[in-house]
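The structure appears right after this line, and notes come after that.
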Amino acid sequence: MKMVGSKKHSTEEETQETPRFQQKTLTAPAPFADETSCQCQAPHEKLTIAQARLGTPVDRPVRVYADGIFDLFHAGHARALMQAKTLFPNSYLLVGVCSDDLTHKFKGFTVMNETERYEALRHCRYVDEVIRDAPWTLTPEFLEKHKIDFVAHDDIPYSSAGSDDVYKHIKEAGMFVPTQRTEGISTSDIITRIVRDYDVYARRNLQRGYTAKELNVSFINKYRFQNQVDKMKEKVKNVEEKSKEFVYKVEEKSHDLIQKWEEKSREFIGNFLELFGPDGAWKQMFQERSGRMLQAFSPRQSPNSSPTRGRSPSRSPSPPWVINKTSPPSSPKAASASLSSMSEGDEDEK
């Protein structure tokens, strides 16, 4: 009975092999492909996407392959692998990572070396197996060796190694399953940030004890001077903040002074207009004084009982000393005649 029970338990382990392996990967790094045997013991039959989405076959998981460089492993990489892992109800995710030689040849220099990139993938929770030194272009022999059912990658054509799309033959074979890229983050974006703020990171690492040789910094004095400049900027910033507080207080006081000045100005202008305006007190006073002055300088009128009032102005005699300059006497006889007439007139007045 013990032997039969053991056999039955062994059969259940074979049918439930994938869930047991998934539980293992949560507590240990994913294994390398060249260090373990293939987890699928059943004959490898070609599956369609429809069959895989139904969760068939029940005796083995769907083997999904995703490859890449995975330099500076970030959330965008992890999300792509998560999508590849959850494409089908029962799946086993293999991740191929290209070597340094192959990457430098077709894409360019990397920040992390191949060993670091391999280890980064082994510690991702969605990865079941890591294939080191993965090929740049997938061959039928590689797919057959690792019993790969489907290849997961974003649907943007990947032009490289003289091909417009290195996944074209995979798509034509019906083995390609697209994933979505995560916008806003990529390895190139991270490198761009580092290059943009290179001097900041260099000064930070110098302060942490790295040597100029390790950082490949030749102008070490430049960064020391820059540190002094930064300290000076910090002091200036503190002074500016204090100055802003002082200016704010001065502005408040100035506002109060201006308000009071405006009130006093309006009061002064009102008083000025009352005194010197068109109908002001100054005009009335000036008119009164002008009237008095005119009365003082004008001659007094003669009373009605004056004897000279009844005379005609045409007959008012001229003073005896006034000589008519306009008609001088033309002869001594005329002069004597005029004198005799003046004497006669005096006698009449008398």
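Let's see how each residue does on (1) in the same structural domain as Gly174 (by the TED database); (2) within 23 Å of Ile185 (Cβ to Cβ); (3) open to solvent by less than 60 Å² (accessible area, probe 1.4 Å):
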{"site": "Val62", "(1), (2), (3)": "yes, no, yes"}
{"site": "Phe70", "(1), (2), (3)": "yes, yes, yes"}
{"site": "Lys105", "(1), (2), (3)": "yes, no, no"}
{"site": "Phe109", "(1), (2), (3)": "yes, yes, no"}
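Just one of (1) at pLDDT 90 or above; (2) under 47 Å from the mean Cα position of the chain (by Cα) fails for Val62. It is (2).
Yes or no, residue by residue, for (1) modelled with pLDDT of 90 or more; (2) open to solvent by 80 Å² or more (accessible area, probe 1.4 Å); (3) assigned by the TED database to the domain that holds Asn113:
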residue: Asp154; (1), (2), (3): yes, no, yes
residue: Ser163; (1), (2), (3): no, no, yes
residue: Val200; (1), (2), (3): no, no, no
residue: Arg204; (1), (2), (3): no, yes, no
residue: Gly209; (1), (2), (3): no, no, no
residue: Asn216; (1), (2), (3): no, yes, no
residue: Asn227; (1), (2), (3): no, no, no
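Filter the range 166-195 for residues that are of a type in the set (Gly, Ala, Ser) and farther than 19 Å from Ala80 by Cβ and give the result. Selection gives Ala173, Gly174. Within the set of pairs 6 or more residues apart or between chains, which connect a residue that is free of Cβ contacts under 8 Å to residues at least 60 places away in the same chain inside the range 58-75 to a residue that is in a strand (DSSP E or B) and of a type in the set (Phe, Trp, Tyr) with Cβ atoms less than 7 Å apart? Taking only residues 6 or more apart or on different chains, the pairs are Pro61/Tyr92. Cβ-Cβ distances below 7 Å connect the following pairs, each with a first residue in the range 116-129 that is of a type outside the set (D, E, K, R), a second residue that is open to solvent by less than 50 Å² (accessible area, probe 1.4 Å) and at pLDDT below 95, and a separation of six or more residues or different chains: Val127/Ala30.
On the stretch given as the range 89-110, residues that are part of a loop (DSSP other than H, G, I, E, B) and touching a Ser or Thr at 6+ places or on another chain (Cβ under 8 Å) total 3.
The values are calculated or read from the model by the stated rules, or taken from the named source; none is laboratory data. No experiment lies behind these values; they were computed from the predicted model shown. Backbone-built Cβ (ideal geometry, glycine too); neighbour counts: all protein chains shown. Protein only, heavy atoms only, side chains kept; ligands, DNA and RNA dropped before computing areas. Shrake-Rupley method; radii C 1.70, N 1.55, O 1.52, S 1.80 Å.
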